[in-house]
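The values are calculated or read from the model by the stated rules, or taken from the named source; none is laboratory data. Because the structure is predicted, anything quoted here is derived from the model rather than measured. Cβ placement follows ideal geometry from the backbone for every residue including glycine, while neighbour counts extend to all protein chains displayed. With ligands, DNA and RNA removed, areas are computed over all heavy atoms of the protein, side chains included. Shrake-Rupley method; radii C 1.70, N 1.55, O 1.52, S 1.80 Å.
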Amino acid sequence: MSTETSTRPITAELRRAPAPARRTFGKWFATTGWRHLIGVALCIYSAFPLLYVLSASLNPNGTLLSSNGFFSTIGLQSYIDLFQNQQRPYAAWFANTLFIGLTTAAASVFLGALAAYSFSRMRFTGRRVGLVSLLIVQIFPQLLAVVAIFILLTSLGDVFPALGIDNQIALIMVYLGGALGVNTYLMYGFFNTIPVEIDEAAKIDGAGHARIFFTMILRLVAPILAVVGLLSFISSTSDFVLASVVLVSPENQTLAVGLYSYVSEEFTSNWSVFAAGAVLAALPVMALFLFLQKYIVGGLTAGAGK
């Protein structure tokens, strides 16, 4: 029997088969349509503040009340004034924020990975107590220790000026001390998902802990490294309380502290310039998020499974 003859009865049966009934709008909405409606509502709810700030940054009137109409007035004067104010060096704030954020993120990833590898792969006295201590310490936020941090940095500044008040290195050290515990525990859960047999095979070939860590393990845990780096960058660049206490001089301040000066004065608040600075300040975070997006979901889900 030829192929054409054998397929002819099947084609005839398909032609005689009744077409599937179309779903009504009510049935479609009850099954999947309501999900689309909720998704659209959430997108509008999330995009409204962003559009409002963008509209305010393009409005040269300088107040939020006059920018209720979205993009009713469009101008770039606020962005020009942002970089022409000598008393408020926005470019220096932007550079300081990038330096502090990137340094804190890189150091947090490196130190957290070292600690997580030790807790995950090595067995030593006090290992379980150390893990529990990391969780207990994170219960108390750094906000409760602002006074203690200020006194400590003031005393250290007399001996080591680089670790004193109004120094960016001192602020980075404060950030590293506060984030080391939660980053270590998050990485510890991800490190446990890596099979120990990989380490044992490398040890048979003569590799030590340092070689295993830098040449093998770091490549396998890249998702959690990206997540920790992104979270550390966001938290350090958006922090206001600690940065306002440690950094005093305008040329050493970050964006969060510097931009507050535009709206903190009673009679000279300029919300348009403040909104323009906020829009530009969000660009590094958005760019880093888009660059690390492919690692974020896997890193969060795998790290939280232990």
### Message
Given the condition open to solvent by 60 Å² or more (accessible area, probe 1.4 Å), of a type in the set (Ser, Thr, Tyr) and without any contact (Cβ under 8 Å) to a residue 40 or more places away in the chain, answer yes or no: does some residue in the range 155-170 qualify?
### Response
yes
### Count of residues meeting criterion [in contact with a Ser or Thr (Cβ under 6 Å, 6 or more places away or on another chain) and either without any contact (Cβ under 8 Å) to a residue 40 or more places away in the chain or of a type in the set (Asp, Glu) (or both)] in the range 212-246
0
### Which listed residue, of Ile136, Ile151, Ile100, is within 25 Å of the chain's Cα centre (by Cα), in a helix (DSSP H, G or I) and more than 30 Å from Ser272 (Cα to Cα)
Ile136
### Query
Among the residues of the range 65-80, is there at least one that is part of a loop (DSSP other than H, G, I, E, B), among the hydroxyl-bearing types (Ser, Thr, Tyr) and either at pLDDT 70 or above or in contact with a Lys or Arg (Cβ under 7 Å, 6 or more places away or on another chain) (or both)?
yes
### Message
Go through (1) under 30 Å from Asn85 (Cβ atoms); (2) free of Cβ contacts under 8 Å to residues at least 12 places away in the same chain for Ser249 and report which single condition fails.
### Response
(2)
### Query
Restricting the search to the range 171-199, which residues are in contact (Cβ under 8 Å) with a residue 12 or more places away in the chain, open to solvent by 30 Å² or more (accessible area, probe 1.4 Å) and of a type outside the set (Phe, Trp, Tyr)?
Leu180, Val182, Leu186, Asn192, Thr193, Val196, Ile198
### Message
I need the full set of residues from the range 77-122 which are under 20 Å from Ala179 (Cα atoms) and of a type in the set (A, V, I, L, M), in order please.
### Response
Leu98, Ile100, Leu102, Ala105, Ala106, Ala107, Val109, Leu111, Ala113, Leu114, Ala115, Ala116
